[in-house]
Amino acid sequence: MVVSKEIHLVKRPEGMPVNSDFAMVEATLNAPADGEVLVRNIYMSVDPAMRPAMTNGQTKLDRAMEGSAIGQVAASNHPDFPEGSYVLHRAGFREYHLSDGKDLSVIVPEGESLTTHLHVLGMTGLTAYGGMLVTGELKENENVFVSAAAGAVGSVAVQIAKIKNCRTIGSCGSDEKVDYLTNELGLDGAFNYKTQSIARSLHELLPEGIDVYFENVGGAHLDAAMGQMRALGRVPVCGMISAYNTKGARSEGVTTLSNMIYNRVTMKGFVVYEFFDMRDQFLADMRQWIAEGKMKYQETIMQGVENAPNAMIGLLQGENSGKMLVQIGPETE
Ligand SMILES: NC(=O)c1ccc[n+]([C@@H]2O[C@H](COP(=O)([O-])OP(=O)(O)OC[C@H]3O[C@@H](n4cnc5c(N)ncnc54)[C@H](OP(=O)(O)O)[C@@H]3O)[C@@H](O)[C@H]2O)c1
């Protein structure tokens, strides 16, 4: 038997979540029976989509929350998952996970850090890759704007645009992030939407207009960007985080949609699972770009499962640079 600390949602948040919406609970797990695996979690991901799920009922009250995690097999009675192997699954927010193996996939790092499988080589990387290249139909030498550009998805999206020789700009919520985007990732421009006018910044940084707006934020960002889309522009809609703390995740009003007619702009939502069949090509491209120094990443790692609520709140307040993660335990034991 093992005692596992886990994080429960105990109250549906109103607006920005607060610590008292969550509780840490101790669960006792049995040793794995025949065909079962006991996983000791190491890293878990914290994602914006978890916030609307807390309000709309998708996240159940008074039980362990869910989210992507990487763990190590601590004890196994399953032939496919030997002790010591690393596995990816959806049972984050807890120290241990007892599984029949159906929800586990083995990870074999090829020299890269384990954490990359929760971002650049994982879900957020694939989101940016598919969203840009498939939904956004990105072409060489276009004018590209990405919002939440210093985050996990956004920072991959801007670098893919640079790899395609696009004139690429991004928005973000601090001057330090602006500095990272321009000086470290080599963007053609970036601005802090908290201190600068979004519409004016877009006009100054991309005076000829935008071909692809990779939408992560919604509301005022969409309003400003849609007004400056060029003929046959595309708006792949990845997320609208500015609305996630509002009931029903309702975004602010947008007044510029008529530009979709005049400039024949396509706006299309997408979800990452649409791109799962591209995974092999995605991994090959990303590993090559990382090796060539064309794909960089940042991580913000909070320590201890008890800090998962703080990581969630911090993510919604922009405290993360790159991917927000929680380290639950050591990489090896
Ligand atoms: N469609 C899909 O399948 C899919 C998959 C993954 C993620 N997504 C979406 O992609 C977007 C980015 O996700 P991520 O995982 O990469 O998170 P992230 O960008 O790493 O973190 C969220 C960032 O959003 C910014 N933010 C928070 N509130 C904001 C507001 N009111 N206005 C503007 N920016 C705000 C903050 O950065 P600043 O400091 O810049 O404000 C924060 O760091 C989210 O909208 C998410 O829902 C979609």
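The values are calculated or read from the model by the stated rules, or taken from the named source; none is laboratory data. Because the structure is predicted, anything quoted here is derived from the model rather than measured. Positions of Cβ are backbone-derived with ideal geometry, glycine not excepted, and every protein chain shown enters the neighbour counts.
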Can you tell which of ALA148, ALA157 is assigned by TED's automatic domain parsing to the domain that holds ALA243, in a loop (DSSP other than H, G, I, E, B), crowded, with 24+ Cβ neighbours inside 10 Å and touching a strand residue (DSSP E or B) at 6+ places or on another chain (Cβ under 8 Å)? ALA148
Scan region 101-147 for residues that are closer than 25 Å to LEU38 by Cβ, out of contact with any Phe, Trp or Tyr (no Cβ under 9 Å at 6 or more places or on another chain) and polar (S, T, N, Q) and jot them down. SER105, SER113
Kindly list the number of the only condition in (1) of a type in the set (Gly, Ala, Ser); (2) surrounded by fewer than 23 Cβ atoms within 10 Å (Cβ to Cβ); (3) more than 16 Å from the ligand (Cβ to nearest atom) that fails for SER201. (3)
Right, LEU121: away from the ligand (no atom under 14 Å from the Cβ) and closer than 17 Å to LYS323 by Cβ or not? yes
Of all helices (runs of 4 or more DSSP H) fully inside region 182-288, the set with 1 or more residues that are out of contact with any helix residue (DSSP H, G or I) (no Cβ under 7 Å at 6 or more places or on another chain), more than 21 Å from GLU140 (Cβ to Cβ) and polar (S, T, N, Q) is 198-205
With the checklist (1) loosely packed, with under 15 Cβ neighbours inside 10 Å; (2) farther than 27 Å from GLU184 by Cβ; (3) away from the ligand (no atom under 15 Å from the Cβ); (4) not small (Gly, Ala, Ser) in hand, flag the one item GLN288 doesn't pass. (2)
Given (1) in the same structural domain as ASP188 (by TED's automatic domain parsing); (2) surrounded by 20 or more Cβ atoms within 10 Å (Cβ to Cβ), VAL134 misses just (2)
When the residues of region 246-273 are filtered to those that are near the ligand (Cβ under 8 Å from one of its atoms) and touching a residue at least 12 places away in the same chain (Cβ under 8 Å), which remaining residue is nearest to GLY219 (Cα to Cα)? GLY269
Go through region 135-160 residue by residue and tally those that are among the hydrophobic types (A, V, I, L, M, F, W, C) and within 12 Å of the ligand (Cβ to nearest atom). 9
Residue pairs, Cβ under 9 Å, 6 or more apart or interchain, first in region 151-175 and within 10 Å of GLY125 (Cα to Cα), second of a type in the set (Asp, Glu) and near the ligand (Cβ under 8 Å from one of its atoms). List them. ALA152/ASP47
Quick check on my filter: what residues within region 317-333 are surrounded by fewer than 16 Cβ atoms within 10 Å (Cβ to Cβ) and either within 14 Å of the ligand (Cβ to nearest atom) or at positive phi (or both)? GLN317, GLU319
Going by the structure shown, is GLY314 outside any loop (DSSP other than H, G, I, E, B), closer than 19 Å to SER147 by Cα and either modelled with pLDDT of 95 or more or more than 15 Å from the ligand (Cβ to nearest atom) (or both)? yes
Of the criteria (1) out of contact with any Phe, Trp or Tyr (no Cβ under 9 Å at 6 or more places or on another chain); (2) under 30 Å from GLU95 (Cα atoms); (3) hydrophobic (A, V, I, L, M, F, W, C), which one ALA243 fails: (2)
Filter result (within 11 Å of the ligand (Cβ to nearest atom), surrounded by fewer than 24 Cβ atoms within 10 Å (Cβ to Cβ) and not in a loop (DSSP other than H, G, I, E, B)) within region 161-179: ASP175, GLU176, VAL178
Listed residues VAL305, VAL272, VAL254; which is more than 26 Å from SER174 (Cα to Cα), surrounded by 13 or more Cβ atoms within 10 Å (Cβ to Cβ) and assigned by TED's automatic domain parsing to the domain that holds CYS238? VAL272
Breaking point among (1) surrounded by 11 or more Cβ atoms within 10 Å (Cβ to Cβ); (2) assigned to a helix (DSSP H, G or I), for THR300: (2)
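Before we move on, is GLY269 among the small types (Gly, Ala, Ser) and either under 27 Å from LYS162 (Cβ atoms) or touching a His at 6+ places or on another chain (Cβ under 8 Å) (or both)?
Numbers: among the small types (Gly, Ala, Ser): yes; either under 27 Å from LYS162 (Cβ atoms) or touching a His at 6+ places or on another chain (Cβ under 8 Å) (or both): yes.
Yes, satisfied.
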Would you check if ALA53 is of a type outside the set (Lys, Arg), closer than 22 Å to THR28 by Cβ and surrounded by 14 or more Cβ atoms within 10 Å (Cβ to Cβ)? no
